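Every read-out reported here was derived from the displayed coordinates using simple, explicitly stated rules and does not represent laboratory data. What you are looking at is a predicted structure, and each value in this text was computed from that prediction instead of being measured. Backbone-built Cβ (ideal geometry, glycine too); neighbour counts: all protein chains shown.
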Amino acid sequence: MEELIQKVVAELARANYVVALTGAGLSTESGIPDFRGPSGVWTRFGQPRMDGYQRLRHNPASVAKDFLRPGMIGMGKSFLLAKPNPGHLAFADLEKMGLLKCVVTQNADNLHRRAGNENVIEFHGNAYKLRCLRCHQTFGFFQWDKLAAHRLRCRGFIKTDGVLFGEPIPPDRLERSFEEASRCDCMIVAGTTALVYPAASLPRFAKSRGARIVEVNAEETHLSHSISDYFLQGKTGEILPTFVEGVVRLRGK
């Protein structure tokens, strides 16, 4: 593993534009359960209905009930109690060092921002925000003045920022994510099996543009033996900090 880490560190150090794609596996180490894993919320309690977005305008109360299902309340509590773990902090350090240009995350828990990352694309939304479906402007839950001004200007339907089943990814986030993937010459894929589309397309798109793929996951994925140039198996919170330490040592020579 040490030799592999050294190779990845060298790859990061010579890269011009590093982008990360992260998923639930990163946040499970902060105490937030995943959805599809062996102990995932949907595995234990069943997946919610797939027509949430279609029901939203006609019966928003029924969509609200989806969040009161067994397991979802516990998920909400875990969000409130969670803190950034060493994996999140490592990504923030890599950004401060000028190596990491952007994090595209499938997580809605806000932990990348709390860790210190500034250029974050929340592909599936942020649980602590609201969003207008017409203009896609986002708001904090208690930004009453901005919400009132927006209602006068746009009159779009306001919902939670989290992307529902059947809901299109906000176009600005989709466009920005693929733009970042097209620019990068190295992509770190961490804590995601890359099975949920369209986010799952990003590593293959980056690879098709010549990027090197560094995968950090607890288990092998379909990427591991297909497009990943480096696969490091283990906890993201243990492996990602070694990248930071390695770059610091390399720069100190």
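Observations on the structure shown:
- Rounded to the nearest whole Hz, the Karplus-based 3J(HN,Hα) values (6.51 cos²θ - 1.76 cosθ + 1.60, θ = phi - 60°) of the range 159-175 follow the sequence 9, 4, 6, x, 7, 7, 4, x, 8, x, 5, x, x, 5, 6, 4, 5, with x at glycine and proline.
- The range 184-253 shape via C-alpha gyration tensor axes, a/c threshold 1.5: oblate
- Theoretical FRET efficiency, 1/(1+(r/R0)^6), r = Cβ-Cβ of Lys77 and Phe142, R0 25 Å, to 0.05: 0.80
- Residue exposure sequence - Ser27, Ser208, Ser228, Ser78 - by fewest surrounding Cβ within 10 Å: Ser208, Ser78, Ser228, Ser27
- Where GluC sites (Glu not before Pro) fall in DSSP loop in the range 210-240, at most 10 other Cβ within 10 Å: Glu219
- Looking at the range 73-162, the trypsin sites (Lys or Arg not before Pro) that sit in a DSSP loop and have at most 13 other Cβ atoms within 10 Å of their own Cβ are Arg134, Arg155.
- For Arg212, the residues whose amide H sits under 5 Å from its own are Cys186, Met187, ignoring neighbours fewer than 5 places away on the same chain, with H placed 1.01 Å from N.
- Computed over neighbours whose Cβ is under 12 Å from that of Lys146, the net charge equals +2, Lys and Arg +1, Asp and Glu -1.
- Projected onto its three principal axes, the C-alpha set of the range 103-177 covers 34, 26, 20 Å, listed from the longest axis down.
- Qualifying chymotrypsin sites (Phe, Trp or Tyr not before Pro) in the range 146-253, DSSP loop, other Cβ atoms within 10 Å at most 12: Phe157
- Shown is the FRET efficiency for Ser226 and Ser182, computed with R0 = 30 Å from the Cβ-Cβ distance and rounded to the nearest 0.05: 0.90.
- Summing charges over all other residues whose Cβ lies under 13 Å from the Cβ of Leu4, with Lys and Arg as +1 and Asp and Glu as -1, gives -4.
- The charge dipole of the range 191-245, taken about the Cα centre with unit charges on the Cβ atoms of Lys, Arg (+1) and Asp, Glu (-1), comes to about 320 debye, rounded to the nearest 20.
- Ranked for footprinting exposure by Cβ neighbours inside 10 Å, fewest first, Tyr197, Tyr128 give Tyr197, Tyr128.
- Cα centroid of the range 198-253 to Cα centroid of the range 93-167, whole Å: 25 Å
- Within the shell of other residues whose beta carbon sits under 13 angstrom from the beta carbon of Asn107, the net charge comes to -3, with Lys and Arg scored +1 and Asp and Glu -1.
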